Amino acid sequence: MKLTFRWYGLNDSIPLAYIREIPSLSGVVTSVYDVKPGEVWPKESLQVLKEACDNKGLKMEVIESIPVVEEIKYGGENRDHYIEVFKENLRRVAAVGVKCVCYNFMPVFDWVRSDLGHVNEDGSTSLSYSEKELKKYDPHNLHLPGWDESYSRDELSRLLSIYQGMSHEELFNNLVYFLNAISSTLEETGINMAIHPDDPPWDIFSLPRIASKEEDFKRLFEAVPNSHNGMTLCVGSLGECKENDVVKMADEFSKEGRIYFAHLRNIRYEGDGFVESGHETADGSLDMAAIVEALVKNGFDGYVRPDHGRNIFGEQGKPGYGLFDRALGCTYITGLFEMAERKKKEGK
Ligand code: DNO
């Protein structure tokens, strides 16, 4: 596996100089943040990011994300134009050495939490989710830090009304349309597309979500067999739904060679939802060691990154994206892989 760390570009409060001090790190996961979703990325912006990474000896092989604009998701009349823009962006990122692009197909909202500052017993804070609390939120007025896109209140209302009544089937067909349309560009550039699971993996605010369960991914890989069509195994997102057997999914989809990227974080079921715990198995509800063993058993050699960390050691980081807990996550992940790989080599 190749260990990576999410970096929000030159405006990230965490400098690359710190990131490179994390042991065993091969590179960063980043994106272009200075243009609006749906626009062609300036080559200069990519070059600046690439040079900053090169200077620190970090690879820039994963983009998270090239945003898929709503018009593509709801199948609007300009979707072919936006697909052409997306294809051009694929070519441009490939030209600076990118090999994997993480994206999502969640209508309107990316990941959603009801609390960004849940206080844990040990004094650290986490992101958390309660179904009851979420119901109190007004979807017409929602924005979370860390999303690639954000909308004004009017824009949100417009989008919510467009999606009203849209079936899962229609949304799925729009995803298949999009992936088929970019297929030849994936062949040409060699880029692997890694869809991020819905977070949480169920419908929210009556919006359909289609990348939530094991069957959803199976269906997607059958509908678009192109080997560049794969997934981001975000174990935290998938695991938020108790019915998802994440170890099984890690095993099954790595065996099929569909996992290009893995986000490894743990969650703890609590109340009517979950809290994002430390990465370690003992701190949460998911068996992180078994997930890594399943990946290693099947020869997984893709990209991995720690995910949302808690805020610890007094850090006031971007929710989920502080330095300290994610750095702890990195060393934990490295340890799990080291053990699993050693056991595999020794035939245990
Ligand atoms: C949350 C992230 C997501 C992810 C997008 C991919 O922290 O994992 O925002 O980047 O869903 O497009």
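Just so it is clear, none of the values below were taken in a lab; they were calculated from the coordinates. Note that the coordinates shown come from a computational prediction; the quantities given were computed from them, not determined experimentally. When we count neighbours, we look across all protein chains shown, and the Cβ atoms used for this are built from the backbone with ideal geometry, even at glycine.
Here the 3J(HN,Hα) profile of the range 161-176, calculated from phi with Karplus coefficients 6.51, -1.76 and 1.60 at θ = phi - 60°, is 6, 5, 7, 4, x, 6, 7, 4, 4, 4, 5, 4, 4, 5, 5, 5 Hz, Gly and Pro shown as x. Along the range 50-59 the Karplus relation, 6.51 cos²θ - 1.76 cosθ + 1.60 evaluated at θ = phi - 60°, assigns HN-Hα couplings of 4, 5, 4, 5, 4, 4, 9, x, 10, 7 Hz to successive residues, with x for each Gly and Pro.
If you plug the beta carbon distance of ALA95 and ASP138 into 1/(1 + (r/R0)^6) with R0 = 56 Å, you get a FRET efficiency near 0.85. In this Cβ point-charge picture (+1 for Lys and Arg, -1 for Asp and Glu), the range 45-146 has a dipole of about 280 debye about its Cα centre.
When the range 2-345 is described by a simple charge dipole with +1 on each Lys and Arg Cβ and -1 on each Asp and Glu Cβ, the residue from TYR303, HIS81, HIS168 located farthest towards its positive end is TYR303.
Summing +1 for each Lys or Arg and -1 for each Asp or Glu among the other residues whose beta-carbon sits under 14 angstrom from that of LYS135 gives -3.
Taking each residue as 0.36 nm, the span from LYS36 to LYS318 lengthens on full extension beyond its C-alpha to C-alpha distance by 99.5 nm. The alpha carbon gyration tensor of the range 1-121 gives principal lengths a ≥ b ≥ c with a/c of 1.5 or higher and a/b no greater than b/c, which makes the shape oblate. Two numbers describe the Cα atoms of the range 74-226: Rg and Dmax, which are 17.3, 52 Å. Phi-derived couplings, Karplus 6.51 cos²θ - 1.76 cosθ + 1.60 at θ = phi - 60°, listed residue by residue for the range 89-96: 5, 4, 5, 5, 6, 4, 5, 9 Hz, with x used for Gly and Pro. Using the Cβ-Cβ distance between ALA289 and GLU77 with R0 = 35 Å, the FRET efficiency computed as 1/(1 + (r/R0)^6) comes to roughly 0.10. Rounded to the nearest 20 debye, the dipole size of the chain about its Cα centre is 860 debye, using +1 on the Cβ of Lys and Arg and -1 on the Cβ of Asp and Glu.
The local environment of TYR151, defined by Cβ-Cβ distances under 10 Å, has a net charge of -2 under the rule Lys, Arg +1 and Asp, Glu -1.
Taking 0.36 nm per residue of separation and subtracting the Cα-Cα distance, full extension of the segment from GLU187 to LYS297 would add 36.8 nm. Residues whose amide H comes within less than 5 Å of that of THR232, counting only those at least five positions distant or on another chain, are ILE195, HIS196 (H built at 1.01 Å from N in the peptide plane). When the charge dipole of the range 14-155 is built from unit charges on Cβ atoms (+1 for Lys and Arg, -1 for Asp and Glu) and taken about the Cα centre, the candidate among GLY38, TRP111, LEU58 whose Cα reaches farthest toward its positive end is LEU58.
Charge tally for THR185 (other residues, Cβ to Cβ under 10 Å; Lys, Arg +1; Asp, Glu -1): -2.
If R0 is 22 Å, the Cβ-Cβ spacing of MET339 and ARG20 corresponds to a FRET efficiency of close to 0.35.
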